[in-house]
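Worksheet: one structure, shown below.
The values are calculated or read from the model by the stated rules, or taken from the named source; none is laboratory data. Keep in mind the model is a prediction, meaning the values are calculated, not measured. Note that we place each Cβ from the backbone using ideal geometry, even for glycine, and neighbour counts take in every protein chain shown.
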Amino acid sequence: MAGDRAASIDPDALSWYEATARQRVAALADPGSFQEFLPPTERRMSPHLPLFDLPRAFDDGIVVGRATLDGGPVLIAAQEGRFMGGAFGEIHGGKLVGLLRAALDLKPKAVLILFDTGGVRLQEANAGETAIAETMRAIVEVRAAGIPVIGLIGGRAGCYGGGGLIAGTCSRLAVSESGRISVSGPEVIETNKGAEEFDSRDRALVWRTMGGKHRRLTGGADAFCADTVFAFRRAALGLIGRAPAFDLATLEAEQARLEDRIARFGDCRDATDVWRRLGVNDPETVPAMDTDAFEATVARVREADHDAR
Amino acid sequence: MTEWRGERQARDARIAAGRTFAEGKVVPAGAVVDLLEVILRPGDRVCLEGDNQKQADCLARGLSACDPAKIHDLHMVQSGIVLPEHLDVFETGIAKRLDYSYSGPQGARIAKMLYGGQIELGAVHTYLELFARYFIDLTPNVALIAGVSADRNGNLYTGPNTEDTPTVVEATAFKNGVVVAQVNQIVDRVPRVDIPGDRVDFVVEADKPFYVEPLFTRDPAAMTETQILIAMMAIKGIYAEYGIRRLNHGIGFGTAAIELLLPTYGEKLGLKGKIATHWALNPHPTLIPAIESGWVKQVHCFGSEVGMDRYIRERPDIFFTGADGSLRSNRAFCQTAGLYACDMFIGATLQIDLMGHSSTVTQSRVAGFGGAPNMGSDPHGRRHPSDAWMKAGREGQIVGDPALMRGRKLVVQLVETFGDKLVPTFVEKLDALELARKIGLELAPVMIYADDVTHIVSEEGIANLLLCRDADEREQAIRGVAGYTEVGRGRDRAKVEELRARGIIRRPEDLGIEPLDADRALLAAKSIKDLVHWSGGLYEPPAKFRNW
């Protein structure tokens, strides 16, 4: 049995979706290189959750620290989707903002954010919203200092709410098929607009609209990985090497890219309409494609790769 | 002079009246209400086919649209109360009395209507019990059934979800009743004849295909380590020890976890071919890895499951299929098989009391029983031995001549000490008793009675109730696996340790199981997509279960 558990830490086989935040970090970084800041032994826990009689986590649902990746120094933050859906609370957000600010002094090769979040923690919403804003500002400063910020998205909770906003400020994003990126979640859209507009229980629709393949095809994500820690590691290394400069030209290109996207796809009713217009021959087959077939499809789509963001 | 043909003449009159809306036997969907209003009579006993899975929904909409001034006080006799229309007819007065088995999705509303007195309840039956009464004192005057296709003579193809249809038609057609079938399409030749045309009086081409609920699909991605631990204990402590080859599984996550552990954990224990070979079971998608790994010899099904049809077609050595290649299910036969030909039933429940009575009824929901009490009971009519059955019999025998000993069916409850929303599973008193008192039921809706239960498995361990020798031991054995619930904390520590020493309670460590080994890595499939891969792309999960 112990052998099984050891096998499950093998980064070649370890499923990103299945892994905990700590397993992801340990298997992503060079072996044994990860050093955690404010580890669980420090007991930095939410001051707010006891008011609601809710259980706390010793790390407030986020693991931050430094490591090496292929020998190069990096800072890593990993959200734990299993604790309150990876939601941003005061401590959780503070640890992420602190890590990003430390990057300005430590000058790593990159900052990696392993998103796994439903957004702001409702029980500490003000602190959470503040943390989202501070994180985005900190990312901008880190990028302005020439350090790429890479988002990795393939966890159970997806990357929603403020997490979706933060992902939008990253230099580059890697996503797996199970990964989802959006701001409003399926249930929120259904509640506000009705099941006719968006049926949150139609999971195929949810993934078609917010899932990794759609985000990759439209250039919302810059790399697509199989669901293994190994694939994410390889994607992260690749993206660090080709992160865009953070300057006026990049921002103007991003603005143009987004305006063009609305103009081209604004009237589409379903993601398959978008894919067809992108030039995918048989859009209905996209969801069932394996990674290789999908990569081949991406290679034929112009919008998937760009110099913007 | 005595009239011996009154029923037959009444039936002929109904059919003659109905023919005015039909071309031969075929009635357009738009004329359903007209048809029903002339073939039904006030006070009729009606089976509106509501099964566990498929629903005669077009006919249900038609019945609920009938004029209550013409059609009223019907006595509904159907196994499933599933669609809103099944209860709407009681609000309008079209129906008055109800005998049924299962009401999963309508459980809350049916409770409210029972409290409000809108439904005159006969009884909540088990499936076999209701089917049996179709032939004795609840024979339908009219059956409204559902099939996939029919020809113009009424020959009916039910498709993989045959379910209750043959039983309902048998009771109705051969006792002067009228049978109306809704089908998805009228064809020149049906793929196979599940119901011969001379038992079907009218065929309605429905406006849309009949509704089927994917009731048996459990997403491996949602399986927890607690469920995996419980599944490991069940496999090692019960399946292996009794050598259970013939069995039925309930529909919960616990049994689905067992299915997914067979090719991994079960394989490691060397149990392949020794356990879980012959099944009375719906085609659970979570059984695919065990089938593909050669664990499963054959499976007979109550009904089908959405998305499994193509897979079943390609595995005729495992499933019962027709000459056309598609699954043939049959609820009555499969329930009988589960009752008499299986050595174990294992399933979940919502509440267990101190004696081991269990119920899925809570004060606000009356979910009904379905088939669990049939399969989860010790059939006293059984006369064939098997090693598992005899071993359980020996464990349970307290007095009497060993030469006259009979075996025991294993009836295993698989529960977490705290259920959904951290509601305790173990209780001093079942909610079912309070419900029975409030609505004046003569018989409390107990799903499985204590004297049928042989084992309770929770994350705390296995309680073997067969080995308990008196009521106090039984209570302490149950408290002993009830964990941190009030019932568990009320245990007599010394007595529980004594029971443990005697092997009546067995903790994970007593079974040689390390709780930390209960890892999702053990699941043969961790997602619905993994199940699709295992099936070689033959399993086609419905959209609500796809995360791609």
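Listed by first and then second residue, the pairs with beta-carbon distance under 7 Å, at least 6 apart or on different chains, first residue in the stretch B:391-417 and within 18 Å of B:H455 (Cα to Cα), second charged (D, E, K, R) and surrounded by fewer than 12 Cβ atoms within 10 Å (Cβ to Cβ), are B:I398/B:R469.
Do we have A:I62 as over 18 Å from A:A235 (Cβ atoms), at pLDDT below 95 and not small (G, A, S) here?
Details: over 18 Å from A:A235 (Cβ atoms): yes; at pLDDT below 95: no; not small (G, A, S): yes.
No: the conditions fail for A:I62.
For the stretch B:1-100, give me every one of the strands (runs of 3 or more DSSP E) that falls completely inside it and has 3 or more residues that are charged (D, E, K, R) and surrounded by 20 or more Cβ atoms within 10 Å (Cβ to Cβ).
Details: elements: B:26-28, B:45-48, B:74-77, B:95-100.
It comes to none.
Of the helices (runs of 4 or more DSSP H) lying entirely inside the stretch B:318-433, those containing at least 2 residues that are among the aromatic types (F, W, Y) are B:331-340. Checked against (1) within 30 Å of A:A204 (Cα to Cα); (2) away from chain A (no Cβ under 13 Å), B:I478 meets all criteria but (1).
The rows are residues; the columns are (1) surrounded by fewer than 20 Cβ atoms within 10 Å (Cβ to Cβ); (2) modelled with pLDDT of 95 or more; (3) away from chain B (no Cβ under 14 Å); (4) outside any loop (DSSP other than H, G, I, E, B).
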residue	(1), (2), (3), (4)
A:A7	yes, no, no, yes
A:K95	no, yes, yes, yes
A:A102	yes, yes, yes, yes
A:I113	no, yes, yes, yes
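Confirm whether A:A235 is surrounded by 14 or more Cβ atoms within 10 Å (Cβ to Cβ), of a type in the set (G, A, S) and within 14 Å of another protein chain (Cβ to nearest Cβ). Please lay out each step first, then the result.
On the way: surrounded by 14 or more Cβ atoms within 10 Å (Cβ to Cβ): yes; of a type in the set (G, A, S): yes; within 14 Å of another protein chain (Cβ to nearest Cβ): no.
No, not satisfied.
Among residues of the stretch A:69-83 that are under 14 Å from A:R233 (Cα atoms), none has a beta-carbon under 6 Å from a residue that is acidic (D, E) and part of a loop (DSSP other than H, G, I, E, B) at least six positions away or on a different chain. You will find that of B:D194, B:D188, the residue that is modelled with pLDDT of 95 or more, touching a Leu at 6+ places or on another chain (Cβ under 7 Å) and of a type in the set (D, E, K, R) is B:D194 and no other. Close contacts from the stretch A:136-162, counting a first residue that is within 14 Å of chain B (Cβ to nearest Cβ) and a second that is outside any strand (DSSP E or B) and surrounded by fewer than 19 Cβ atoms within 10 Å (Cβ to Cβ), with Cβ to Cβ under 8 Å and a gap of 6+ residues or different chains, come to A:R156/A:R82.
If you go through the stretch B:465-491 and pick out every residue that is under 15 Å from B:A450 (Cβ atoms), part of a helix (DSSP H, G or I) and not hydrophobic (A, V, I, L, M, F, W, C), you end up with 6. If we keep just the residues of the stretch A:166-182 that are charged (D, E, K, R) and in a strand (DSSP E or B), which is surrounded by the most Cβ atoms within 10 Å (Cβ to Cβ)? This residue is A:R180.
Out of A:D267, A:D199, one residue alone is more than 21 Å from A:V111 (Cα to Cα) and within 14 Å of chain B (Cβ to nearest Cβ). It is A:D199. In this structure, does B:E85 turn out to be closer than 30 Å to B:L215 by Cα, of a type in the set (D, E, K, R) and under 23 Å from the mean Cα position of the chain (by Cα)? Yes: the conditions hold for B:E85. Of all residues in the stretch B:492-548, which are closer than 21 Å to B:M233 by Cβ, in a helix (DSSP H, G or I), more than 9 Å from chain A (Cβ to nearest Cβ) and not basic (K, R)? Of everything in the stretch B:492-548, those that are closer than 21 Å to B:M233 by Cβ, in a helix (DSSP H, G or I), more than 9 Å from chain A (Cβ to nearest Cβ) and not basic (K, R) turn out to be B:V496, B:E497, B:E498, B:L499, B:A501, B:P508, B:E509, B:D510, B:L511, B:P515.
Can you report the number of residues in the stretch A:50-73 which are touching a helix residue (DSSP H, G or I) at 6+ places or on another chain (Cβ under 6 Å) and under 18 Å from A:A87 (Cα atoms)?
So the count comes out to 9.
Tell me the residue from A:V274, A:V286, A:V301, A:V280 that is closer than 20 Å to A:A223 by Cα, of a type in the set (V, I, T) and in contact with a His (Cβ under 8 Å, 6 or more places away or on another chain), please. Can you show your working first?
Details: A:V286 fails: in contact with a His (Cβ under 8 Å, 6 or more places away or on another chain); A:V301 fails: in contact with a His (Cβ under 8 Å, 6 or more places away or on another chain); A:V280 fails: in contact with a His (Cβ under 8 Å, 6 or more places away or on another chain).
So the residue among A:V274, A:V286, A:V301, A:V280 that is closer than 20 Å to A:A223 by Cα, of a type in the set (V, I, T) and in contact with a His (Cβ under 8 Å, 6 or more places away or on another chain) is A:V274.
Within the stretch A:206-222, if we keep just the residues that are among the charged types (D, E, K, R) and more than 12 Å from chain B (Cβ to nearest Cβ), the residue that is surrounded by the most Cβ atoms within 10 Å (Cβ to Cβ) turns out to be A:R216.
Among the conditions (1) touching a His at 6+ places or on another chain (Cβ under 9 Å); (2) within 14 Å of chain A (Cβ to nearest Cβ); (3) not in a loop (DSSP other than H, G, I, E, B), B:I462 misses just one, which is (2).
Table: residues versus (1) of a type in the set (S, T, Y); (2) modelled with pLDDT of 95 or more; (3) not in a strand (DSSP E or B).
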{"residue": "B:Q106", "(1), (2), (3)": "no, no, yes"}
{"residue": "B:K112", "(1), (2), (3)": "no, no, yes"}
{"residue": "B:L121", "(1), (2), (3)": "no, no, no"}
{"residue": "B:P140", "(1), (2), (3)": "no, yes, yes"}
{"residue": "B:T172", "(1), (2), (3)": "yes, yes, yes"}
{"residue": "B:N176", "(1), (2), (3)": "no, yes, yes"}
{"residue": "B:Q182", "(1), (2), (3)": "no, yes, no"}
{"residue": "B:P214", "(1), (2), (3)": "no, no, yes"}
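As for the stretch B:287-304, it holds at least one residue that is among the small types (G, A, S), within 21 Å of B:P263 (Cα to Cα) and assigned to a helix (DSSP H, G or I). Only one of the numbered conditions (1) charged (D, E, K, R); (2) farther than 28 Å from B:F345 by Cβ; (3) modelled with pLDDT of 95 or more is not met by B:D219, and that is (2).
Just checking, how many residues over the stretch B:154-170 are part of a helix (DSSP H, G or I) and among the acidic types (D, E)? Reasoning before the result, please.
So the first thing to find is which residues in the stretch B:154-170 are part of a helix (DSSP H, G or I), and the list is B:165-170.
Subsequent filtering for residues that are among the acidic types (D, E) retains B:170.
Here the count works out to 1.
Of the residues examined, A:D292 is not one that is within 14 Å of chain B (Cβ to nearest Cβ), surrounded by fewer than 16 Cβ atoms within 10 Å (Cβ to Cβ) and not small (G, A, S).
Scoring A:G179 on the criteria (1) more than 26 Å from A:A78 (Cβ to Cβ); (2) within 12 Å of chain B (Cβ to nearest Cβ); (3) without any contact (Cβ under 8 Å) to a residue 60 or more places away in the chain leaves a single failure, condition (1).
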